[in-house]
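For reference, the structure discussed in these notes is given below.
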Amino acid sequence: REKIRQLTGVHDLLKKIQFIFELPTRLKLCLDQESYAQAVRYYAKTSRLLEHYRSLSVFSSIESECKEIIDKVSKKIRENMTSENATGSEITDCIILLISLKEPPQQLAKEYLDLQETFLSKLLVTTVDEMSNVPADYPFKSSEDYQLTTSNERAIIELSYLNEKFLKELNKFVESFNGFFLQPTKECKDAKSPGKSPAKSPKNNDLIRYVSTNLDIEVKELVRKEFLEFIDAITSEYLTIVDGLLEFPENIVDFKPETHVKLLNKLNFAALSCASLCSVIKFDERIKEVISTWETGIGKRLFGNAEKELIEEFVEFSEKQKTKVFSSSQQRFKYVQTFVLDTETWLTTYLTKDCLRIIEECMNTEVPMFENKDDVEKFLKKFQAEFREFWYSIINSMMKFVTPINPYPINPQDPPPPIISLIMSRMLLDFGEIIVTQVYTSFSDRLYTSRDNKNRFAVDVYGGYGERHAISKELTQDVREIVGVCKDIAQRILERYVEIVGNRISMNVRGLYTMKSGTTDLTDASQPIGVSKIWNVIITELALIEKEVVMLYGTEEENNLDDQDNNSLQSTDQNSAANQDNSITVRSPYAHSNSSYSSINSNRPKTSNPFFASFTHLTSHIDKLFSDRIEIFGIVEIGKPGIIMGVIKILLKAWIETVRMQTITNKIFQQIQVDSEFVRLKLWKYIEDERILNTMLQELASSAFRRCAEDPLPLENTVIEQIAGSL
């Protein structure tokens, strides 16, 4: 047995020696037959033995001859590798052979990266060009594919084609490069004696498991950096193409989310199939970002569309108000009421029907993406965040619309008409009292208490008029915050309206009682013969402001304006374009919103203005010391009385400042006395608290006494009543 073992060893050694002596011939035959992989295998199998016995002349000559042939093989391999028609797999096969031939690894890494970069870039461009021509019956191989029956699902076909043609090639390259150059070195195990391979470019089904290089740490990090930069860039291009397949239609209402949801599910499945990409650049995390961006984007698009259309409606309304296309004030008031009601109805319908339908269709699509309860929760949280952001954005846009610096398509030097502020204030108040709660209730009922969420805990939320709404606890905090913000901004915009209108109407009293103003009848008569002409214009304009306010904030009782007063106002200024509308009866659709405000006191004041009688500087200062401080630009009480009172306070304050800045004669002093009585008579019906009016008229009288250059000679009450009451 020992002899047999010795003879067997000798026999094996002779076979190896015989193979070495025949190696040049074998290599030459492989070179002629273009079987380069076979030649590399033969040489790799004997290279160590030849190096070991290089000192023997017979082996030295064989090694030299084999080296010369292998150099030619290596040259041919590089020619095949750099061919324009070389595929990614062929390039990888050639790199495997060159690594087996102990080519310099750093050079091979650069060549491999450059060649694959060129190939994959061209492949991506070609694949994108071919995607539009992929037949509808493109053969799917994955069990995750769905039966495509509609033309709207064309994007799924194109994504499948893109993944099959490009993504798989990219993943193969990442796996190969990472195994060849970046992972720890593996021992190269000898394969079994290979048979004859007729192929020009052999498959890398076995060698890829064994070949690797041994790069220095610094070189490896440099190679890794360049490799990751390319993979990141080419992956970004791929994801950009995917984003193009996920574009929303121009009219978001026509959007069918089922196609996008299926496409995202297929994309997620493709990411899980690319283990190398996931391990190297966290491809699965980037796909999750795409899904998350889409989930956020659908909310932004849905709600952004509503905000855009709402602002466009306000722009169009502003232009109509400026161009004065209305034949009468009655037509204008009717248009305003219709605009507010239609806009609120449209917004509510859009949110509770169109937006809610699309979100429901997303969740009801039968894909693994929405079968997991945690995934549904994440989707709803993103939707909730976008919905909350929508309300804040729309409130902010409305606030900006009425500010002096206007970013919307209206000339900044040509601000929107004041009624826009009044309308926005009314709408935001309705948002806070009704619309927000109703919309959130609909979303809570259909999204948060459906499917497997029927056991969710609901919280009672009360609307602006005491009605109770059961809303999911996840949404309760949002509802309360948004309702509070809507009411707060409604208050601020209303104050803005009062400020604008008050300043506009106050322009009429600036420069009053001067010769240049032309608004005071300064004749040679011993006493005033009438009220200053400008007050007729001011009272008429105030009546129109009242109609605007009643139209949006008034009650039914307040709509029944006194026809007798309207007729008297019409007779005061026949040249005023607005006086023809004083007899119009405006019906307000918002009577329910002001039930908390008391009606205006209709008792006409019986006493005349006492502020100009027996006035001294001492009593002036004492009365001012103990009088109530009136805040001119303070909080405006929501409702007709508060709004009109705010405008009147600005008007009276401007009148007081006008008198305070002038030096007047006794004749002008008496004119102010007559005007004061006229204003008191005309403004009584707008005032709930007459103390404010009395205090400001008293301050006016005080300013008139102090600014009179002569000894003031107040008119008798009977004379004042005769002059002011006759108008």
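Listed here are the helices (runs of 4 or more DSSP H) enclosed by the stretch 665-727 that have at least 2 residues being under 59 Å from the mean Cα position of the chain (by Cα): 666-683, 690-707. Whether any residue in the stretch 256-263 is farther than 25 Å from Tyr112 by Cα and touching a Leu at 6+ places or on another chain (Cβ under 8 Å) is what I want to check. For the stretch 256-263, residues farther than 25 Å from Tyr112 by Cα and touching a Leu at 6+ places or on another chain (Cβ under 8 Å): present. Is there a residue in the stretch 150-169 that is touching a Lys or Arg at 6+ places or on another chain (Cβ under 8 Å) and modelled with pLDDT under 70? Scanning the stretch 150-169, I find at least one residue that is touching a Lys or Arg at 6+ places or on another chain (Cβ under 8 Å) and modelled with pLDDT under 70, so the answer is yes.
Would it be correct to say that Ile358 is farther than 23 Å from Lys487 by Cβ and either outside any helix (DSSP H, G or I) or touching a helix residue (DSSP H, G or I) at 6+ places or on another chain (Cβ under 7 Å) (or both)? Considered against the rule, which asks whether it is farther than 23 Å from Lys487 by Cβ and either outside any helix (DSSP H, G or I) or touching a helix residue (DSSP H, G or I) at 6+ places or on another chain (Cβ under 7 Å) (or both), Ile358 comes out as yes.
Starting from residues that are among the basic types (Lys, Arg) and under 23 Å from His52 (Cβ atoms), keep the ones in the stretch 1-27 and report whichever is least open to solvent (accessible area, probe 1.4 Å). Among those that are among the basic types (Lys, Arg) and under 23 Å from His52 (Cβ atoms), it is Arg26.
Test of understanding: among Lys649, Lys685, which residue is among the charged types (D, E, K, R), open to solvent by less than 60 Å² (accessible area, probe 1.4 Å) and farther than 26 Å from Pro712 by Cβ? Break it down into steps so the answer makes sense when it comes.
On the way: Lys649 fails: farther than 26 Å from Pro712 by Cβ.
Criteria check complete, one pass: Lys685.
When the stretch 229-247 is filtered for residues that are open to solvent by 70 Å² or more (accessible area, probe 1.4 Å), out of contact with any helix residue (DSSP H, G or I) (no Cβ under 8 Å at 6 or more places or on another chain) and either within 18 Å of Leu123 (Cα to Cα) or part of a helix (DSSP H, G or I) (or both), the ones remaining, listed by number, are Glu229, Thr240. Scoring Glu250 on the criteria (1) open to solvent by less than 30 Å² (accessible area, probe 1.4 Å); (2) closer than 22 Å to Phe383 by Cα leaves a single failure, condition (1). Taking the stretch 28-48 as the range and being under 18 Å from Ile99 (Cα atoms), touching a residue at least 24 places away in the same chain (Cβ under 8 Å) and open to solvent by 60 Å² or more (accessible area, probe 1.4 Å) as the test, only Lys45 passes. Pairs meeting the criteria (first residue in the stretch 518-540 and modelled with pLDDT under 65 and among the hydroxyl-bearing types (Ser, Thr, Tyr), second residue part of a loop (DSSP other than H, G, I, E, B) and buried (at least 18 other Cβ atoms within 10 Å of the Cβ), beta carbons under 7 Å, at least 6 apart or on different chains) are Thr519/Leu512; Thr519/Ser532; Thr520/Leu512; Thr520/Tyr513; Thr520/Ser532. The sole residue among Glu51, Glu68, Glu79 that is free of Cβ contacts under 8 Å to residues at least 24 places away in the same chain, out of contact with any Asp or Glu (no Cβ under 7 Å at 6 or more places or on another chain), closer than 30 Å to Lys165 by Cα and open to solvent by 70 Å² or more (accessible area, probe 1.4 Å) is Glu79.
Restricting attention to the stretch 54-65, the residues that are loosely packed, with under 13 Cβ neighbours inside 10 Å and either at pLDDT 85 or above or assigned to a loop (DSSP other than H, G, I, E, B) (or both) total 2. Among the numbered conditions (1) under 25 Å from Phe390 (Cα atoms); (2) at pLDDT 85 or above; (3) buried (at least 18 other Cβ atoms within 10 Å of the Cβ), tell me where Asp445 comes up short. Of the numbered conditions (1) under 25 Å from Phe390 (Cα atoms); (2) at pLDDT 85 or above; (3) buried (at least 18 other Cβ atoms within 10 Å of the Cβ), the odd one out for Asp445 is (3). Go through the stretch 170-222 and give me each residue that's assigned to a helix (DSSP H, G or I), at pLDDT below 55 and open to solvent by 80 Å² or more (accessible area, probe 1.4 Å). Within the stretch 170-222, just Arg209 meets the criteria. Which one is modelled with the lowest pLDDT, of the residues in the stretch 448-484 that are of a type in the set (A, V, I, L, M, F, W, C) and touching a helix residue (DSSP H, G or I) at 6+ places or on another chain (Cβ under 6 Å)? Of everything passing the filter in the stretch 448-484, Phe457 is modelled with the lowest pLDDT. What is the number of the single condition among (1) in a loop (DSSP other than H, G, I, E, B); (2) farther than 20 Å from Ser176 by Cα that Ser83 does not meet? Here Ser83 clears every test but (2).
The values are calculated or read from the model by the stated rules, or taken from the named source; none is laboratory data. As the structure is a computational prediction, the values presented were derived from the model and not from experiment. For neighbour counting, all protein chains shown are included, and Cβ atoms are generated from backbone atoms with ideal geometry for every residue, glycine included. Accessible surface areas use protein heavy atoms only, side chains included; no ligands, DNA or RNA. Shrake-Rupley method; radii C 1.70, N 1.55, O 1.52, S 1.80 Å.
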